[in-house]
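Shown next, in structure tokens, is the structure this report addresses.
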Amino acid sequence: TQKFEVDRLKSQFVSTVSHELRTPLTSIRGSLGLLNSGLLGPVSEKGRRMLEIAVSNTDRLVRLINDILDLERLSSGEITLEKQAIDVTELMQEAVDVIKPLADAAGVSILTSPFLGSIVADHDRMMQTLTNLLSNAVKFSPSGSTVSLSADSAGSTLRFRIADRGRGIPPGKLESIFERFQQVDASDSRDKGGTGLGLPICRSIVQQHGGRIWAESVFGQGSTFYFTMPFEASAAHPSEHAGAVLVCDDDPAVRKLLEGMLRGHGYDVLTTESGEGAVELARRHLPQVILLDPLMPGASGWQTMAAMKEQKETSEIPILVVSVQPPAAAPGDHNAQIAGWIPKPLDEEHLFAALERVTGHSRSAPRILIVEDDLDLAHVLRSLFEEAGVIVDHAANGLEAMEIAGRVRPDLLVLDVVLPRMNGFHVIKWLRKDEDLCNIPVVVYSGTDIAPADRPRLRLGPTEFFTKSRISPEEFEHTVLEMVKMMTKSRAGEEIEANAAS
Ligand code: ADP
């Protein structure tokens, strides 16, 4: 009973820390970043130096808090892994891309060798493990040396290997470095900017996936870290063509011509000769736009279009009709579903003008509604987005959020979850009932991680989840702006549909 009570108090404390420290830290980090960028006025050279120190130490504090909370949640089994098939080569490349700036700055190069195959694992947690091991390898490597990342398999086990030519680890420490706050040298965390929690976190993640992690080293000559993952040689590959242009035409010459033109303009292309093929490819690869010939043997273009609109995953993909017939030839209500009409014979200029309209059109300034009860943080976020040319509205509680959303029709919602006078869950529930607002993108920006089980109740349109301070204000801003851009693009498509209909 006593132990149970102690555990309960401990997790309560951790969750309080998480909420109470994250929000103010996010404000501090955001304000310092803005001041440091010089956007708010000139800063003296000395002042800038002080700001840089403040920014880098806030980042360090944020990292430490995140690591403590992460480890706590991992070891209490509170984190559910979201497993999916992951291509091993892509995963390694992605991790290297993240570490590349750090490696460049340290004068260390990273070598990877491809591995054909995939694992079923939690993508973000795998990235966390790989980037952690890679950043350690880079940190402890001398300038001019090489870090290598590779994978090999034996039976049903895949083994990742991260090797460096750094100072190495003495034999007596090979085990203990996987314990909390254990370092080879007491000054390591200060000198190398670590928290001493990276390896325990990696170990916890790997073990939860049913794998093992260990280190080998010849002291003075480098270290090699290994970890294993259960592996199925035949696991499915995720799509490599998301965002491609799908060309559907029964004439091979037209397909070839279109493919050449599109690739020449840097588009990734998928082609198919039949409507049935188009529906299947679209579902599997989610292209950003479909070029469709309405006159085909088998399922006609119109039937294909109807099938596309009926299938939930593909219903939003804009369709451009490529036809020898004039626009009036679309039967029934199909005109309303067409994002544009491109006449045959193909005219390159016309084709790309239509494509750009559908994929890259932007209207006047986008509008974001920030729902955040911490006024300081709201102010920082407002400044960030306004600098980027976005119109910002702010609601300090749930009721206000509903009132403002109904009035201004924002393009995107930034939503804190714990709010006075109606929490984030209620706000979303209410917005779902509104025809105009039920599809807008949402960025949930909360002080605590939202459990996967609770996430569906916070989704509206495309929805992203971020935990304050786990993501830097700059990254956060970037992601939100990308989502706004996507949103205004798809709206451009709707405008064209509307034009085509009128
Ligand atoms: P930190 O955040 O301090 O890097 P870790 O748990 O990731 O925490 O690592 C713990 C310690 O293990 C490091 O401080 C360092 O002393 C040692 N270590 C980890 N990786 C390496 C490596 N590749 N080469 C040498 N020492 C390492």
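Every read-out reported here was derived from the displayed coordinates using simple, explicitly stated rules and does not represent laboratory data. Predicted, not measured: the structure shown is a model, and the values here were computed from it. Don't worry about glycine lacking a Cβ; one is built from the backbone with ideal geometry, like all the others, and counts go over all protein chains shown.
Miscellaneous remarks
- Long-range HN-HN contacts of Ala395 with modeled amide H, under 5 Å: Ile370, Val371, Glu372
- From most to least packed by mean Cβ count within 10 Å, the peptides 441-451, 4-14 give 441-451, 4-14.
- Fraction of the pair-distance distribution of the chain above 45 Å, Cα-Cα pairs, percent: 24 percent
- Segment Lys344-Arg283, extension gain: residue separation times 0.36 nm, minus the distance between their alpha carbons: 19.3 nm
- Computed helical MRE - 222 nm, the chain, DSSP H runs ≥ 4 contributing -39500 (n - 2.57), nearest 500: -15000 deg cm²/dmol
- Hull shadow area, averaged, segment 112-166 [alpha-carbon convex hull, nm²]: 4.2 nm²
- For segment 1-70, diffusion coefficient by Stokes-Einstein and Kirkwood Rh (Cα), 25 °C, 0.890 mPa s, µm²/s: 175 µm²/s
- Per-residue ³J(HN,Hα) for segment 142-159, Karplus 6.51 cos²θ - 1.76 cosθ + 1.60, θ = phi - 60°, Hz, x for Gly and Pro: x, 4, x, 8, 10, 10, 10, 10, 8, 9, 9, 10, 9, x, 9, 10, 9, 10
- From the Kirkwood radius over Cα pairs of segment 382-461, Stokes-Einstein at 4 °C and 1.567 mPa s returns a whole-number translational diffusion coefficient of 100 µm²/s.
- For the residue pairs Lys344/Lys485; Lys309/Lys485; Lys173/Lys468; Lys83/Lys173; Lys312/Lys429, alpha carbon separations beyond 25 Å are given by Lys344/Lys485; Lys173/Lys468; Lys83/Lys173.
- For segment 410-421, the Karplus equation 6.51 cos²θ - 1.76 cosθ + 1.60, evaluated at θ = phi - 60°, returns couplings of x, 7, 7, 10, 9, 10, 7, 9, 7, 9, x, 6 Hz by residue, with Gly and Pro reported as x.
- Cα gyration tensor category, rounded, prolate or oblate, for segment 86-181 with a/c compared to 1.5: oblate
- Sorted largest first, extent of segment 1-148 alpha carbons per principal axis (Å): 55, 53, 26
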